[in-house]
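*Asks:* Okay, handing you the structure first.
The values are calculated or read from the model by the stated rules, or taken from the named source; none is laboratory data. Being a predicted model, the structure only gives us computed values, none of them experimental. When we count neighbours, we look across all protein chains shown, and the Cβ atoms used for this are built from the backbone with ideal geometry, even at glycine. Accessible surface areas use protein heavy atoms only, side chains included; no ligands, DNA or RNA. Shrake-Rupley method; radii C 1.70, N 1.55, O 1.52, S 1.80 Å.
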Amino acid sequence: MTRRVIPGPVPAIREHRIPTPDSKPYIAIEGPDRNLWFCESGASKIGCLDPRSGAFQEFDLPSAESTPIGIDVGSDGNLWFTDKTGNRIGRLSRDGTIAEFVLPTAKAGPDGIALGPDGNIWCSTDIDRLYRVTPDGRIAEFGAGITPGSRPLSIVVRDGALWFSEAAGGRIGRMTLDGEVTEFQIPTHDSQPRAMARHPDGNIWFVETGANALARIGRDGSIVEFVVPTPNASLRGVTVGVDGAPWSTENFTNKIGRMSSDGAMIGEYDIPVQASGARCITAMSDGRLFFTQYDVGLIGEIVPP
């Protein structure tokens with residue numbers, strides 16, 4: 001693994017408090033309305049922040065015992081999300097209506113979610129399977145070729161296939177839409193890959209929580225790892241900004257990291273609220289960057305210098 005540092009300007013960070021206490025915001029994405037939509041895993045809600053006004057909306061899920069984790073926009077323009085404890089995939093329509101679809105295998109533990117190139121929703125689970133959900137809620141199981149005990153998490157689409165991190169297996173997986181699986185071993189042992197983000201140059205960037213590194217995987221499956229300067233940072237989220245730089249969250253050290261696309265660290269920036277539990281980070285189409293602060297119920301915003 002390599003390590004280089006090229007200091008750059010320091011951005012400011014402002015924070016937006018979610019109305020519901022103990023909301024535990026997790027995955028966040030930009031919606032078709034250009035608002036930030038996110039899962040409130042501690043409050044059984046889906047939240048929405050209007051970046052222009054700073055106003056929040058919150059949508060209660062049917063069950064108060066739900067744990068929403070992943071969220072993405074479907075081909076139908078609705079918000080789709082995983083409910084880990086409820087073993088369901090949910091759909092939040094633009095009028096606020098919520099529909100839920102139970103996975104056929106009990107305690108599958110749905111986690112990551114993404115819109116596939118086929119127009120269907122795909123999700124990862126704790127049982128080493130990926131599930132396909134059609135816009136009308138029909139569910140099919142895939143991933144028999146995934147190594148047992150791998151725990152697939154984040155999913156991104158590249159070149160018509162699904163690429164996913166295997167947090168417990170130390171691998172990156174690739175699955176075709178008909179279920180053919182290829183796995184690529186990460187060089188560092190116990191790397192614990194988690195969040196992933198596709199770069200415009202065709203690479204996929206991902207965090208290695210156990211290896212204290214960011215890494216990228218090419219179309220051919222080649223992997224390059226870059227150690228971050230701060231030890232034991234516990235990287236969790238990654239996104240690619242409009243500047244082409246991978247940005248990441250450092251959970252234990254309470255920082256936001258920015259790296260160049262060739263792996264040089266540009267900066268690590270302190271989050272104002274201590275022990276915030278930084279998780280997901282998302283680049284918006286207008287260039288703004290937002291991140292979830294799981295432990296303190298905040299949405300952070302990175303303001304460029």
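*Asks:* Rounded, prolate or oblate: pick one for the stretch 40-102, where a ≥ b ≥ c are the square roots of the eigenvalues of its C-alpha gyration tensor, a/c under 1.5 means rounded, and failing that, prolate if a/b is larger than b/c, else oblate.
*Replies:* Oblate is the answer for the stretch 40-102, as a/c is 1.5 or above yet b/c matches or exceeds a/b.
*Asks:* Can you pull the three principal axis extents for the Cα set of the chain, in Å, largest first?
*Replies:* Principal extents (largest minus smallest coordinate, Cα): 49, 44, 28 Å.
*Asks:* Using Cα pairs closer than 8 Å and at least 6 residues apart in sequence, work out the relative contact order for the chain, in percent.
*Replies:* RCO, the chain: 17 percent.
*Asks:* Straight-line reach from Lys107: which lysines fall under 18 Å, measuring Cα to Cα and dropping same-chain residues less than 8 apart?
*Replies:* Lys84
*Asks:* Still on this model: Tell me the label-point distance for the pair Asp178, Ser53, using the 7 Å Cα-to-Cβ offset, in nm and rounded to one decimal.
*Replies:* So the label points at Asp178 and Ser53 sit 5.0 nm apart.
*Asks:* Now a separate question. Please state the charge dipole magnitude for the stretch 173-305, taken about the Cα centre, from unit charges on C-beta atoms (+1 on K and R, -1 on D and E), reported in debye and rounded to the nearest 20.
*Replies:* So the magnitude is around 180 debye.
*Asks:* Now a separate question. Counting Lys +1, Arg +1, Asp -1, Glu -1, what net charge surrounds Thr105 among other residues with beta carbon under 9 Å of its beta carbon?
*Replies:* The answer is +1.
*Asks:* So, one more: Count neighbours as other Cβ atoms within 10 Å of each site's Cβ, and list the trypsin sites (Lys or Arg not before Pro) in the stretch 60-131 that are DSSP loop with at most 15 such neighbours.
*Replies:* Here the trypsin sites (Lys or Arg not before Pro) that fit, given the DSSP loop and packing criteria, are Arg94, Lys107.
*Asks:* Rounded to the nearest 10 Å², what accessible area does Val181 show when all protein chains are kept and the probe is 1.4 Å?
*Replies:* 30 Å²
*Asks:* Follow-up question, since we're still on this one. How much net charge surrounds Lys255 when only the other residues with a Cβ under 11 Å from the Cβ of Lys255 are counted, with Lys and Arg +1 and Asp and Glu -1?
*Replies:* In short, -2.
*Asks:* Could I ask something else about it? Projected area of the stretch 140-189, taken from the Cα convex hull and averaged over every viewing direction, in nm²?
*Replies:* The orientation-averaged projected area of the Cα hull of the stretch 140-189 comes to 3.5 nm².
*Asks:* What are the principal axis extents of the Cα atoms in the stretch 177-222, in Å, biggest first?
*Replies:* Sorted from largest, the Cα extents of the stretch 177-222 read 33, 24, 17 Å.
*Asks:* Right, here's the next one. I'd like to check one number: the per residue accessible area of the stretch 145-266, probe 1.4 Å, reported in Å² as a whole number.
*Replies:* For the stretch 145-266, the solvent-accessible area averages 34 Å² per residue.
*Asks:* Could you work out, for the stretch 73-191, what percent of all Cα-Cα pairs fall into each 10 Å distance bin, beginning at 0 Å and stopping at the bin that holds the largest distance?
*Replies:* 15, 47, 30, 7, 1
*Asks:* Something else now. Taking the alpha-carbon distance from Lys255 and a cut-off under 20 Å, which aspartates and glutamates remain once sequence neighbours fewer than 8 residues away in the same chain are dropped?
*Replies:* Output for Lys255: Glu15, Glu208, Glu225, Asp243, Glu268, Asp270, Asp295, Glu301.
*Asks:* If the cut-off is a Cα-Cα distance under 13 Å, which aspartates and glutamates reach Lys45, setting aside same-chain residues fewer than 8 apart in sequence?
*Replies:* Cross-link targets: Asp22, Glu58, Asp60, Glu65, Asp83.
*Asks:* Now for a different question. Give the percent of DSSP beta bridges with both residues in the chain that are antiparallel, rounded to the nearest 5.
*Replies:* About 95 percent, rounded to the nearest 5.
*Asks:* Then there is this: Assign one of three labels to the stretch 197-305, namely rounded, prolate or oblate, based on the Cα gyration tensor with a ≥ b ≥ c the square roots of its eigenvalues; rounded applies when a/c is under 1.5, prolate when it is not and a/b is larger than b/c, and oblate otherwise.
*Replies:* Oblate is the answer for the stretch 197-305, as a/c is 1.5 or above yet b/c matches or exceeds a/b.
*Asks:* What part of the accessible area of the chain, given as a whole %, is carbon or sulfur when the probe is 1.4 angstrom?
*Replies:* 49 percent
*Asks:* Any chance you could look up the accessible area of Thr97 with a 1.4 Å probe, heavy atoms only, rounded to 10 Å²?
*Replies:* Estimated to the nearest 10 Å², Thr97 gives 80 Å².
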